[in-house]
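Working notes for the structure below.
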Amino acid sequence: HSETALKCGRARRKTTLTDLRIQTHLAMCTVSSALRRTLRVRPYLCAFALPSSTLHMSALLQKDNTRRLPVASSRATGPSVKATSRRESVAQVRAEASRARWEAERQHAERVRGLQPTCSVYFQSNFEQKQWPLADILVMLRETAVPEIYDCQDNPLTARISVNMRTKRATKFLSKYEFSTRLPHPLTFLPKRRIIALCKEPEQIEACLNAGAMAAGGTDIVTRIETGGFHWDEYDDVVAHPDFLEPLHRLRKVLRNRIPTVKNGRIGENVATLVGEQQESIILTSSIIEGVPEVTQLMVTLGQLSWDIEKLNANLMAYLQALEENKSSRTNGEVVERIEVECLPCDETLLLDPAPILEAIRSRITAEKTTQLPPNDDELEEVTAVV
């Protein structure tokens, strides 16, 4: 009798403690957020952690009681509909403002087109903005870059190129431009690009490291890239030997636009030479203006303001020649609309006259294509006669 009573007492006490845990947990879940805000109690202070040995809630609930406590999902939820609509409305307002500003500038340019001032002192907004040659722009910018004013003679000289994205169809526009080029006078004052080289031979690995590659190797480097050993911000580009065509196919989703191909010139037998070329090359990507699909902007660095006019002009021609060579055949009109030159912290932006530079570039491209063409029949007959 005593043993039976002792067992019943233990069972009754165990049931009472279990019920108490359930009632406490249910009371915690039913505390409203308004009450917590009124009492200024943080949510995590209202939580009571049950012991790990507690039975599952489905076993503790009474029969025919299918109520389940709300459990927060462990996976990250997406943005709410309200947040998405608010973000879209902000983007739409920004795009409409950019569109209105661009159309106002176009209308003002059409209104003052051909109007020239008759004296040396005038308001620039009442007349057509004058286009200057690069030599005159340098003289005017260097006047304000002296040590007595801004003291920025070694600051970078930048140019903002407005690229035409229109096609023959009024409702169709080109996507942004993205290409690379090498300058005749490298920008040594800017940090070098970080290149990863993929090669197998120890001699090639050593040559790539001596050429300035941040990392060089074979399957170990491929594995590090595939598993996230290299952060996206730790390197700028990848060059590879033709033996790595199959491993590169697996890295296509990881490298994205940095994937080396034969077309972009990042796959070759001499990997060390590719490392040097990619370190000196400049990646150009045009930025899209929200609400204005007709035009994109391309920011380029010509050099330092203290450089000679010949070096700055040669770099500018290299940029524009690369843009002309990568121009889409669907472009309607000139690919370059306007070029603005500036040198921070000077707040003055001067308009460059691109006509003579573009004419010289087109003549150079035509001459290069002519020299690459095979000789015609008359030239072949003359050569045969001479032989």
Requested in this report: Work out from phi, with θ = phi - 60° and the Karplus expression 6.51 cos²θ - 1.76 cosθ + 1.60, the ³J(HN,Hα) of each residue of segment 178-183, listed in order in whole Hz, and give x for Gly and Pro.
Outcome: 8, 7, 10, 8, 10, 8
Report summary line: Lys and Arg at +1, Asp and Glu at -1: neighbours of H185 with Cβ under 14 Å from its Cβ sum to -1
Report summary line: Taking 0.36 nm per residue of separation between D151 and E324 and subtracting their Cα-Cα distance, the length gained on full extension comes to 58.7 nm
Report summary line: Residues T370, T223 in order from fewest to most other beta-carbon atoms within 10 Å are T370, T223
Requested in this report: Give a residue-ordered list of calculated ³J(HN,Hα) values for segment 302-316 (Karplus: 6.51 cos²θ - 1.76 cosθ + 1.60, θ = phi - 60°; whole Hz; x for Gly, Pro).
Outcome: 7, x, 8, 4, 7, 6, 5, 5, 5, 5, 5, 5, 5, 5, 5
**Report entry** Interchain or long-range residues, amide H under 5 Å from G218's placed H
**Finding:** C199
Query raised in the report: Among rounded, prolate and oblate, which fits segment 222-378 when a ≥ b ≥ c are the square roots of the eigenvalues of its C-alpha gyration tensor, a/c under 1.5 means rounded, and a/b larger than b/c means prolate?
Result: oblate
Query raised in the report: For S306, S180, S89, S286, what's the fewest-to-most ordering of other Cβ within 10 Å of each Cβ?
Result: S89, S306, S180, S286
Query raised in the report: Gain in length, A367 to R224, computed as 0.36 nm per residue apart minus the alpha-carbon separation, to one decimal in nm?
Result: 46.8 nm
Query - Set of segment 302-331 residues, backbone N closer than 16 Å to the point 7 Å along the Cα-Cβ line of K130 - result: none
**Report entry** Sites T84 and E203 - FRET efficiency at Förster radius 41 Å, r taken between beta-carbons, to 0.05
**Finding:** 0.15
Query raised in the report: Where a ≥ b ≥ c are the square roots of the eigenvalues of the C-alpha gyration tensor, would you call segment 195-281 rounded, which needs a/c under 1.5, or, failing that, prolate if a/b is larger than b/c, or oblate?
Result: rounded
Report summary line: Here the net charge surrounding E348, from other residues whose Cβ is less than 11 Å away from its Cβ (Lys, Arg +1; Asp, Glu -1), is -4
**Report entry** segment 274-343 and segment 194-264: distance between their alpha carbon centers, rounded to Å
**Finding:** 27 Å
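Laboratory data are not the source of any read-out in this text; all were calculated from the coordinates shown. These numbers were taken from a predicted model, which means no experiment stands behind them. Backbone-built Cβ (ideal geometry, glycine too); neighbour counts: all protein chains shown.
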